[in-house]
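Trainee: Quick one: the structure is below, and I'll ask about it shortly.
The values are calculated or read from the model by the stated rules, or taken from the named source; none is laboratory data. Owing to the predicted nature of the structure, the values given are computational and were not obtained by experimental measurement. We place every Cβ from the backbone using ideal geometry, glycine too, and count neighbours over all the protein chains shown. Quick note on the areas: whole protein, heavy atoms, side chains included, nothing else; ligands and nucleic acids left out. Shrake-Rupley method; radii C 1.70, N 1.55, O 1.52, S 1.80 Å.
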Amino acid sequence: AARAPLAIANVFLRERGASLDGEVVARARIGGSLSAPVVNGQVSSSNITFRDPQANLLLSNGVLDASLAGDRVTIRTLSANLGEGTIGVTGSIGLSNGFPADLRIALRDARYADGQMFAATVSGDAR
């Protein structure tokens with residue numbers, strides 16, 4: 001298994017002051033060619049934190065459990081706390097041909113406030 005800090009992504013987030021913390025663990029086999037790679041395996045993470053002060057957004061206690069099969073990522077669990085509630089995503093994303101996705105988003109008492117004039121608590125499902 002390969003482990004990597006999620007903070008590697010901070011180089012892309014730094015400009016807006018955002019940050020990502022946690023560790024990802026990948027168990028994968030890579031085959032195919034450079035022009036058509038084939039990846040099979042699992043990716044997991046826990047205790048993920050995403051902060052974006054510019055958007056006044058904090059996602060905490062995040063969890064990821066996903067599998068890789070050929071040209072598709074299947075997300076079994078991707079969830080985090082948002083305020084006093086949670087946000088969760090399940091489904092799949094293709095890794096070719098425009099990244100086709102079939103995702104389900106579940107919000108349970110997820111609370112967001114921009115810190116100035118907008119606040120909302122949301123529960124519901126979207127696809």
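Trainee: Once the convex hull of the C-alpha atoms of segment 23-62 is built, how many Å³ does it hold per residue, rounded to a whole number?
Mentor: Hull volume over Cα atoms, normalised by residue count, gives 97 Å³.
Trainee: Further question on the same structure: Run through the DSSP bridge list for the chain and note the antiparallel percent, rounded to the nearest 5. Display every interim value, and only then the final one.
Mentor: Details: 62 of 62 bridges.
Here the share of antiparallel DSSP bridges comes out near 100 percent.
Trainee: Have a look at Gly31, Asn97, Val122 and report the one farthest towards the positive end of the charge dipole of the chain, computed about the Cα centre with Cβ charges (Lys/Arg +1, Asp/Glu -1).
Mentor: Gly31
Trainee: In debye to the nearest 20, how big a dipole does the chain give about its Cα centre with +1 on each Lys and Arg Cβ and -1 on each Asp and Glu Cβ?
Mentor: Magnitude of the dipole: close to 300 debye.
Trainee: If each Cα of segment 1-124 is one equal point scatterer, what is log10 of I(q)/I(0) from the Debye formula at q = 0.12, 0.15, 0.16, 0.21 Å⁻¹?
Mentor: -0.54, -0.82, -0.92, -1.30
Trainee: Quantify, in whole percent, the carbon and sulfur part of the accessible surface of segment 51-99 (1.4 Å probe; protein heavy atoms only).
Mentor: Summing carbon and sulfur atoms, their accessible area is 58 percent of the total for segment 51-99.
Trainee: How do the peptides 119-125, 21-27 rank, highest first, by the average count of neighbouring beta carbon atoms within 10 Å per residue? Walk me through the numbers on the way to the answer.
Mentor: Numbers: 119-125: 11.3, 21-27: 15.4.
The packing order, highest mean first, is 21-27, 119-125.
Trainee: Regarding segment 1-40, what's the average projected area of the Cα-atom convex hull, expressed in nm²?
Mentor: Projected over every direction and averaged, the Cα hull of segment 1-40 covers 3.8 nm².
Trainee: Where does the Debye-calculated log10 I(q)/I(0) of segment 51-119 sit at q = 0.13, 0.16, 0.29 Å⁻¹, using only Cα point scatterers of equal weight, no solvent?
Mentor: -0.47, -0.66, -1.17
Trainee: Considering the alpha-carbon set of segment 1-71 alone, what are its Rg and its Dmax in angstrom?
Mentor: 14.6, 42
Trainee: Skip the ligands, DNA and RNA, and give the accessible area per residue of the chain with a 1.4 Å probe, whole Å².
Mentor: Per-residue accessible area for the chain comes out at 65 Å².
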